Amino acid sequence: MSYEIKIQNFEGPLDLLLHLIKQNEMDIAELQIHEITHQYLEIIDQMKQLNLDVAGEFLLMAATLLHIKSKTLLPIPEDEEGEEEDDPRAELVRRLLEYQKYKYAAESLEEFPLLGRDTFIRRYELPEAAPEEDAGLESVGLYELAAAFQQLLTSLPTETVHEVMSEQLSVTDRINHILSQLSSQPSMGFSELFGGTPTRQEVVVSFLAMLELVKMRLVKLVQAASMGPIWVQAAVDLSGDDISQIQEDHLGYH
Amino acid sequence: MDTIKLKSVIESLLLANGEPLGIKRIAEMLELPNADVRQAVKDLMEDYELRQGGIRIVEIANGFQLRTPVENGAFVKMLNASKPFKFSRAALETLSIIAYRQPITRSDVEYLRGVDSGGVLKTLLEKHLVRILGKKDVPGRPIIYGTSPQFLELFGLKDLSQLPPLKEVGALEEETPLPLPEKQPMTELSPSKG
């Protein structure tokens, strides 16, 4: 007996079980655990033969099925009351019924008039504008920050010659540089941090310096719209004298 | 402002806003009672229905929005044919579980689906269809998730009560929702990571 099964079509073990139940024209509530376990294990075997990585969830379900099967083979111990023995299939049956509900719900969800597929709205994107005041600025998430850094690195000219650099850039120097720039202007563009055509090393050091400043809560990063340009703003008043120069040893960079 | 003018203004607001616009917001802007605005929006909706044109007013996420009717979808789609809209089954399943059972933790979603759902959940979060509602007050303080207003907008729903009732198929009796294993974490049920 062989089962022609496209393994990748199953969302998980519950989905596979529902498929088997349907194929065998069984009632979920009257789950024939012996037959289903047998067929389920056969499919798992096939998955292995196809060198597919059988997800742990499928193996766990196999164990659960075998456990239930073994329980049904054992004589049922009488309760003190002598009634209502627990059906070992009960929990699995409930999970299958519940899963089936959401499976159907997912199918009907797809029938809804989807925006962008069945129905459309008018969209007009404002051209990117420099932020005026604080109004409407959102704080920048980690994804956006990493993406901006990545973009900056890829826009660098590739260095074709390998040369051992003797010049040492210091994160501390960059921090103090950024702080002094921010003391004269309240905010600056993220890309301005790296001014001109910096080397890869300068970019990395500047980025580290900026992260340090965020960590010290001296600056904050904002953007006017998601995927919009990122702005660096002073989080405290930097024009006063109370911000002392950052000392090298506080940071642990060399 | 007479009724004709009010309807005209609201129509302009809906066109210019793009996103669903609520009665309350319009009423505040125009400094008019909610009831007047609601009546004007209702009349406007009827006008659009009667005209049977290429634009409808639809109630979405507790607001109103100008949309193209579904029967014209195939034509409008030609404008941006490069972006076919498709959900994976895993995404739809996860989304429907969250929609019906919110607020819900990731481990509860995984218990119901029987598979790891971290990747799907991350995608749904990135697409802003699902949002973090907070943390559950149980040991470990797991994050609880729910659907976002963008979810309602995407599926054209006024609110969550418009979701179709869950179909009970093959159930022997009226069942209460499956109680999720709250006290014991998923250690017994979820597969080991290794």
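The values are calculated or read from the model by the stated rules, or taken from the named source; none is laboratory data. Source: prediction; values computed, not measured. Backbone-built Cβ (ideal geometry, glycine too); neighbour counts: all protein chains shown.
Each row is one residue, and each column tells you yes or no for (1) under 18 Å from A:A146 (Cβ atoms); (2) buried (at least 17 other Cβ atoms within 10 Å of the Cβ); (3) free of Cβ contacts under 8 Å to residues at least 60 places away in the same chain.
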| position | (1), (2), (3) |
| --- | --- |
| A:I178 | no, yes, yes |
| A:Q181 | no, no, yes |
| A:S184 | no, no, yes |
| A:L193 | yes, yes, yes |
| A:T197 | no, no, yes |
| A:E212 | yes, yes, yes |
| A:V222 | yes, yes, no |
| A:W231 | yes, yes, no |
| A:A235 | no, no, yes |
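Before we move on, is B:P191 more than 8 Å from chain A (Cβ to nearest Cβ) and modelled with pLDDT under 90? No; evaluated as a whole, the condition is false for this residue. Among the criteria (1) out of contact with any helix residue (DSSP H, G or I) (no Cβ under 6 Å at 6 or more places or on another chain); (2) within 13 Å of chain A (Cβ to nearest Cβ); (3) of a type in the set (S, T, N, Q); (4) surrounded by 13 or more Cβ atoms within 10 Å (Cβ to Cβ), the one B:S117 does not fulfil is (1). Filtering the range A:220-236 to residues that are more than 27 Å from the chain's Cα centre (by Cα) and hydrophobic (A, V, I, L, M, F, W, C) leaves A:A234, A:A235, A:V236.
Restricted to the range A:1-19, and to residues there that are assigned to a loop (DSSP other than H, G, I, E, B) and surrounded by 14 or more Cβ atoms within 10 Å (Cβ to Cβ), the residue that is modelled with the lowest pLDDT is A:I5.
Taken together, the criteria exclude B:E71 from residues that are surrounded by fewer than 14 Cβ atoms within 10 Å (Cβ to Cβ), on the phi > 0 side of the Ramachandran plot and not assigned by TED's automatic domain parsing to the domain that holds B:Y145. If B:T68 passes every condition in (1) closer than 19 Å to A:I121 by Cβ; (2) within 13 Å of chain A (Cβ to nearest Cβ); (3) touching a residue at least 60 places away in the same chain (Cβ under 8 Å) but one, which one does it miss? It is condition (3) that B:T68 fails.
Here the range B:1-22 is the region considered, the condition is being farther than 28 Å from B:V76 by Cα and either in contact (Cβ under 8 Å) with a residue 24 or more places away in the chain or polar (S, T, N, Q) (or both), and the residue that is nearest to the other protein chains (Cβ to nearest Cβ) is B:L6.
Those residues that are within 17 Å of B:S148 (Cα to Cα) and more than 9 Å from every other protein chain (Cβ to nearest Cβ), I need them from the range B:92-108; list them, please. Across the range B:92-108, the qualifying residues are B:I98, B:Q102, B:P103, B:I104, B:T105, B:R106.
Please go through the range B:30-66 and give me each residue that is at positive phi and within 23 Å of the chain's Cα centre (by Cα), ordered by number. Matches in the range B:30-66: B:A61, B:N62. Is at least one residue of the range A:216-235 assigned to a helix (DSSP H, G or I) and of a type outside the set (K, R)? The answer is no; no qualifying residue exists. Residue count for the range B:139-178 under the criterion of being in contact with a helix residue (DSSP H, G or I) (Cβ under 9 Å, 6 or more places away or on another chain) and either at pLDDT below 85 or within 8 Å of chain A (Cβ to nearest Cβ) (or both): the result is 15.
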